[in-house]
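What follows draws every value from the coordinates through simple rules; no lab data is involved. Here the structure is a predicted model, which is why all the values come from computation and not from measurement. Using ideal geometry, Cβ is built from the backbone for each residue, glycine included, and neighbour counts are taken over all protein chains shown.
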Amino acid sequence: MGWLDVDSMLDHMTPQQWQEWQAKDAIDPIGHRGTHEALGIFAAMVAGALGGKDVTPNSVMWWRGEQQESKPASHDVAAMALQAIGARRRG
């Protein structure tokens, strides 16, 4: 991105750019979190195939805690956020 200093990049970022980053991150997690999400889903699938009952990706990713269970990440909500941002850009 051309920035060596993350703090400087954040200082120059507009609120709209920040909202775009948040919407993108909701759909496709940025950094290692995306890998953790994929591995959590895979681990839950394997556990279910081996007879594990009520195993979810959140139960495998212990660091998320219970607060994530009550607040599901919805791809529909993220898609609507991106559409709203696109609508604002088009005027």
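In terms of the Cα gyration tensor, with a ≥ b ≥ c the square roots of its eigenvalues, is the stretch 18-61 rounded because a/c is under 1.5, prolate because a/b exceeds b/c, or oblate? Here the stretch 18-61 falls in the prolate category. Check which residues have an amide H placed less than 5 Å from M61's amide H, if you skip close sequence neighbours. Under 5 Å from the amide H of M61: no residue qualifies.
For an R0 of 30 angstrom, estimate the FRET efficiency from the Cβ-Cβ distance between R33 and A84 and round to the nearest 0.05.
Values: r = 23 Å, r/R0 = 0.78.
With R0 = 30 Å, the Cβ-Cβ based efficiency is 0.80.
Please report the net charge: other residues with Cβ closer than 12 Å to the Cβ of G34, K and R +1, D and E -1. Residues near G34 contribute -1 overall. Evaluating 6.51 cos²θ - 1.76 cosθ + 1.60 at θ = phi - 60° for every residue in the stretch 18-34, the Karplus couplings come out as 5, 5, 5, 4, 5, 5, 5, 5, 5, 8, 10, x, 8, x, 5, 4, x Hz, glycine and proline recorded as x.
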